[in-house]
Amino acid sequence: MTPGARVLVLGGTGDGVAVAEALAGAGFAVTYSLAGRTRSPRMPPAPAAVRVGGFGGVPGLVFHLRAEGVDVVVDATHPFAAAMSVHASQACVATGVPLVSLVRPGWAEEEGDDWRRVPDLDAAAALAPTLGRRILLTIGRQEVARFVGDAESTYLVRAVEAPDLLPPRGTLLLERGPFTVEHELDLLRDKEIDVLVTKDSGGAATGAKLVAARSRGIPVVVVDRPPPPPAAVTVSRPDEVRPAVASLLPQSG
Ligand code: NAP
C-alpha cells in the first residue's frame, strides 16, 4: 500500500465505521464522512478523522476531493442512500479519483417466507394496509410520512430517532439494532403485529425480524433497492475494502 494515502469513507452505517477503523489501523489517512442526520451517530475511533454534513452535490464533492487531495473514495453508505452514491460515482469520474463501493448483499427469501417485493415506499404504503391491520414499520425515520394518509391501520414505527410525522394511529418505538430473533419474536407477539414493512437493507444487524416474521407466518413487504451506480471496484464485505483500496493505489517502495 501507499503509506498515508488519503481515503474518504462515506459512511452512516455500522459497516462504514468498521471500514474506517480498519483503514486507519492499516496506516491510511482516513476521513469518515456523515450526512449529519442522527444526533448520536456511531463514530470510528481516532486516528480516523470525522467530517459531518453534505458536500453540496456533485460540484461540492468534486471541490472537496481536489482540495483535500483524496486518493480513493470508499462508498460505505446505506444501500438506500441513493443520492450520495450517485454523487460519489459522478464526482469520482469527474476527478479521476477511484471509487470502491461496498454493497452488502440484499436479503434472500427462504422457504416459509411470505414476502411481497415492491419497487418503492409509496407502493409499500399502498400494499401494507391490504395485508393486515397492525403494521410494524422498520424503514428508518425519513420516509414514514408516506404512511400518514392511512387513518385506519395501527402502526408501530421503529426507528433510531423520531420521525417528523407519525400515521394517525401510530406509536413510536425508539430502538437501535442489532436485534436478536428472540427480541423480534417478543415484539411481534406483544404488539400483535400482522404485517412487517422493511427496506431490503441486507446485513445481520436487522435481519432477525425476517426470521421472526417467518416463524410467525407474518407477511413482509420488502422494498427493493435502488440500483448501485458504477464504481471502479465493488465489494460485498467490509474486510474486502482494505485490499481493494490498496489495489487502486500506486505501490510504494
Ligand atoms: P441520500 O438521500 O443518498 O443523501 C442526501 C444528501 O445527504 C446527499 O446528497 C449528501 O448531501 C448528504 N449525504 C448523504 N450521505 C452522506 C455522507 N455519508 N456524508 C456526507 N454527506 C452525505 O442519503 P440518506 O438516505 O438521506 O442517508 C443519509 C445518511 O444516513 C447516509 O450517510 C446513509 O449511509 C445513512 N443511512 C441511510 C439509511 C437509509 O435508509 N436511507 C439507513 C441507514 C443509514 P450533498 O448533496 O450536499 O453532498
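Give me Rg over Rh for the stretch 168-231, both radii from the alpha carbons and Rh done the Kirkwood way, two decimal places. A ratio of 1.02. All Cα-Cα distances of the stretch 108-223, cut into 10 Å bins from zero to the largest, leave 14, 53, 31, 1 percent in each bin in turn. For the stretch 1-140, the pair-distance distribution built from all alpha carbon pairs, in bins 5 Å wide starting at 0, is 2, 9, 17, 18, 16, 12, 9, 8, 6, 3, 1, 0 percent.
Projected over all directions and averaged, the alpha-carbon convex hull of the stretch 63-176 occupies 9.6 nm². Counted over all Cα-Cα pairs of the chain, pairs farther apart than 35 Å make up 22 percent. For the stretch 114-123, 3J(HN,Hα) computed residue by residue from phi via the Karplus equation (6.51, -1.76, 1.60; θ = phi - 60°) reads 10, 9, 10, 7, 10, x, 7, 6, 5, 5 Hz, glycine and proline entered as x.
Every number here is computed from the coordinates shown, using simple stated rules; none is lab data. This is a predicted model, so every value here is computed, not measured.
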